[in-house]
Amino acid sequence: MANSKGVLNHMFQLISRIFISENQNYSSPKVKQEYAKLCGLIEIGINIGLFLIKYTIGTISGLVSIQADGLNNLSDVVVAIISLLGFLIAGIGAGDNHPFGHGRFEWIMGIFSSTIVIYLGCSLIKESIQAIKNPLPMKFDGLMCAMLVLSIGAKFYMYLYNKKIGTKIDSISLNATAADSLGDMISTTVILLSVLVQKFSGIQIDGWAGLLVAAVIIVSGIKSMAKGIERILGESMDEDTIKKIESLLGEYPMIDGVSNLFVHDYGMGHMAVSMHIEGDSEKKKEQLTMIAEELSFRLYQIFGCEATIQVDILNMDATTTCKMEGIVNDTLEKIQVTAYPKEIRVLPMDTHTIVNLTIACDHMEQKREEAIKKELEHVFHKISPDYQVKICFVLEIINKTLRGNKNPVL
């Protein structure tokens, strides 16, 4: 097993070196697109060959499950073409109408191709049920089994290749293709077993095997669609990106705190980073401004991204913070809300004071967020008209007995 893995890794590296320049620079949008094109073309070629073999064998033998598996390979060709088209459009880059590029088009096409896969799976259910009701006699030979074994090997190779590259370049489409290849491998194995069972026992389970293949196809399509929708809706930062940014920020001890850190993913390696870096005195402002410029450039070097970094000089006086925390807790208790102040940031300005509040609330309080916001604004404005209050909410499971725990994040 270890030797076969080594051979496959060598093949991956050889193919990459032949067709892709800078093949180790996985964070580059250009390299991501080149890998996507290569994987797409290999996927199309292999699946066309498998479709022709399986559909011919299925027609000759009269086995609907093999025909269904062949049609599944044909659907993989269509999906691969759609995904390839998505990658090509995703690599167009920025324009007047789309200043952040077209990278997210890959995700959209991924959802579209998943829809096709699900539709095909549903149509195969109908054919399999028909085969269960009216089973046809099977014509068996060794060549059929050899071709099915070849198909299993080809799909296993495609699973490993797409999984390896999809992980390296963080591609939804390639990871979905890898999962689909694994599903194909399993379904073809089931079909091979059903053929052998029918040959040596006479029990006809072809239609049932077809149903299983259809189920695998549908589940694979649903998972791929869910992943694409999740990506479009917006995912939290991956651990690797967080660690790299944290490590970079740790090199600047003058930064007293970081808030509002966001990574905006636009697909195909295109991203933007925004954050606030904080200091506790005006004396630090000029130095922090220079650090912000340096951070912006270093983030560009690491991720190839645009970075927007704002410098905030906070009032970190414990007395002021505790006073405001008490005001927030008293207000929340007064209006009987299951919530607590998660973060309090006070920014003294020349003519006013900005108070940024992050309120953690129970999911049952979501409908009351606007009312909570108005009440807190009213309380702070009543204390001083110079307070400008900005409030955001985050959902947490809150133990009501611990709601009054005063532990704001500064």
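Within segment 286-318, the set of residues being closer than 26 Å to ILE391 by Cβ, in a helix (DSSP H, G or I) and at pLDDT 80 or above comprises LEU288, ALA292.
Those residues that are open to solvent by 10 Å² or more (accessible area, probe 1.4 Å) and modelled with pLDDT of 85 or more, I need them from segment 341-358; list them, please. Matches in segment 341-358: THR351, HIS352, THR353, ILE354, ASN356, THR358.
Taking the criterion of being closer than 11 Å to ILE359 by Cα and modelled with pLDDT of 75 or more, the residues of segment 375-409 that qualify are LEU376, LYS390, ILE391, CYS392, PHE393, VAL394, LEU395.
Can you pull out every residue in segment 266-280 that is surrounded by 15 or more Cβ atoms within 10 Å (Cβ to Cβ) and over 29 Å from ALA36 (Cβ atoms)? Matches in segment 266-280: MET275, HIS276, ILE277, GLU278, GLY279. Going residue by residue through segment 234-248, is there one that turns out to be free of Cβ contacts under 8 Å to residues at least 24 places away in the same chain, in contact with a His (Cβ under 8 Å, 6 or more places away or on another chain) and either closer than 25 Å to VAL394 by Cβ or open to solvent by 80 Å² or more (accessible area, probe 1.4 Å) (or both)? Within segment 234-248 (the criterion being free of Cβ contacts under 8 Å to residues at least 24 places away in the same chain, in contact with a His (Cβ under 8 Å, 6 or more places away or on another chain) and either closer than 25 Å to VAL394 by Cβ or open to solvent by 80 Å² or more (accessible area, probe 1.4 Å) (or both)), the answer is no, since none of the residues qualifies.
Among the conditions (1) under 14 Å from VAL389 (Cα atoms); (2) in contact with a helix residue (DSSP H, G or I) (Cβ under 7 Å, 6 or more places away or on another chain); (3) not in a helix (DSSP H, G or I), VAL337 misses just one, which is (1).
Conditions tested, residue by residue: (1) closer than 13 Å to MET254 by Cα; (2) of a type in the set (Lys, Arg); (3) open to solvent by less than 30 Å² (accessible area, probe 1.4 Å); (4) without any contact (Cβ under 8 Å) to a residue 24 or more places away in the chain.
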site	(1), (2), (3), (4)
GLU282	yes, no, no, no
LYS285	yes, yes, no, no
MET290	yes, no, no, yes
TYR300	no, no, no, yes
ALA318	no, no, no, yes
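Take ILE191 and decide whether it is open to solvent by less than 20 Å² (accessible area, probe 1.4 Å), within 15 Å of ASN72 (Cα to Cα) and either assigned to a helix (DSSP H, G or I) or not β-branched (Val, Ile, Thr) (or both). Against the criterion (open to solvent by less than 20 Å² (accessible area, probe 1.4 Å), within 15 Å of ASN72 (Cα to Cα) and either assigned to a helix (DSSP H, G or I) or not β-branched (Val, Ile, Thr) (or both)), ILE191 qualifies.
Out of the residues in segment 194-216 that are touching a residue at least 12 places away in the same chain (Cβ under 8 Å) and open to solvent by 50 Å² or more (accessible area, probe 1.4 Å), which is nearest to GLY45 (Cα to Cα)? Residue satisfying both the conditions and the ranking: LEU212. Cβ-Cβ contacts under 6 Å between residues 6 or more apart (or on different chains), taken from a first residue in segment 169-193 that is touching a residue at least 12 places away in the same chain (Cβ under 8 Å) to a second residue that is among the polar types (S, T, N, Q) and not in a helix (DSSP H, G or I), are absent. With the structure loaded, tell me whether CYS322 is modelled with pLDDT of 80 or more, open to solvent by 60 Å² or more (accessible area, probe 1.4 Å) and either assigned to a strand (DSSP E or B) or farther than 21 Å from GLY257 by Cα (or both) or whether it fails that test. Against the criterion (modelled with pLDDT of 80 or more, open to solvent by 60 Å² or more (accessible area, probe 1.4 Å) and either assigned to a strand (DSSP E or B) or farther than 21 Å from GLY257 by Cα (or both)), CYS322 does not qualify. Of LEU212, LEU261, all but one fail to be farther than 27 Å from PHE87 by Cα, in a strand (DSSP E or B) and at pLDDT below 85; the exception is LEU261. Here segment 361-374 is the region considered, the condition is being at pLDDT below 85 and either open to solvent by less than 50 Å² (accessible area, probe 1.4 Å) or among the small types (Gly, Ala, Ser) (or both), and the residue that is farthest from the chain's Cα centre (by Cα) is GLU365.
The values are calculated or read from the model by the stated rules, or taken from the named source; none is laboratory data. No experiment lies behind these values; they were computed from the predicted model shown. Note that we place each Cβ from the backbone using ideal geometry, even for glycine, and neighbour counts take in every protein chain shown. Surface accessibility is based on the protein's heavy atoms, side chains included, excluding ligands, DNA and RNA. Shrake-Rupley method; radii C 1.70, N 1.55, O 1.52, S 1.80 Å.
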